[in-house]
Amino acid sequence: MLNALSHLVAAWLSRRIGLVNTMVFTHVPSSLLLITVAYAPSFAVAAILFLLREGLVEMDVPTRQSYVMAVVRPEERTLASGVTHLVRVGAWSVAPAFAGWFMGGLSLMTPLVIGSVMKVGYDILLYSAFRRARPPEEV
């Protein structure tokens, strides 16, 4: 429910602070919340932190799709959408194997921490590259 609600909140928030800001400023706290889940002292605390994360984690999806459609030429939109979606789904398909390897070899929290650090790095790079490239509706 929180995940689905986040899509609606993302539309409202992006109209106020912009698409790139919504992507980054909701995704970074989401990633940090995932790290805190790994260090939670109890299941109840971990569950609450995870539910808070679920309220933020998908806000970058509709805003990224909107941003990509706004900044590429109409004839390139299908390809751009396909490539961004393929990369996302491709990462999802291989991530469980790496997560299992890390959990078996190191710790159960390792995939959470590594995944979160990677996502924060992605968000920093995204913000650095695109914070000034506003879509036409934001100019």
Cα centroid of the stretch 29-56 to Cα centroid of the stretch 65-82, whole Å: 33 Å
So how tilted is helix 60-71 from the main axis of the chain? Cα-based, degrees 0 to 90, rounded to 10. 20 degrees
Would you mind checking the tilt of helix 19-38 against the longest principal axis of the Cα atoms of the chain, expressed as 0 to 90 degrees and rounded to 10? 0 degrees
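If the viscosity is 1.002 mPa s and the temperature 20 °C, what Stokes-Einstein diffusion coefficient in µm²/s follows for the chain when Rh is the Kirkwood radius over Cα pairs? Walk me through the intermediate numbers first.
On the way: Rh = 16.2 Å.
D, rounded to a whole number, is 132 µm²/s.
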With a point put 7 Å past each Cα toward its Cβ, work out how far Ala70 is from Ala40 in nm, to one decimal. 3.4 nm
For the chain, what relative contact order do you get, as a whole percent, if you take Cα pairs closer than 8 Å and at least 6 residues apart? 33 percent
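Taken together, the values in this text are just the output of simple stated rules run on the coordinates, not laboratory data. Keep in mind that what you see is a predicted model, and the values were worked out from it rather than measured. Methodologically, a virtual Cβ is constructed for each residue, glycine included, from the backbone with ideal geometry; neighbour enumeration extends over all protein chains shown.
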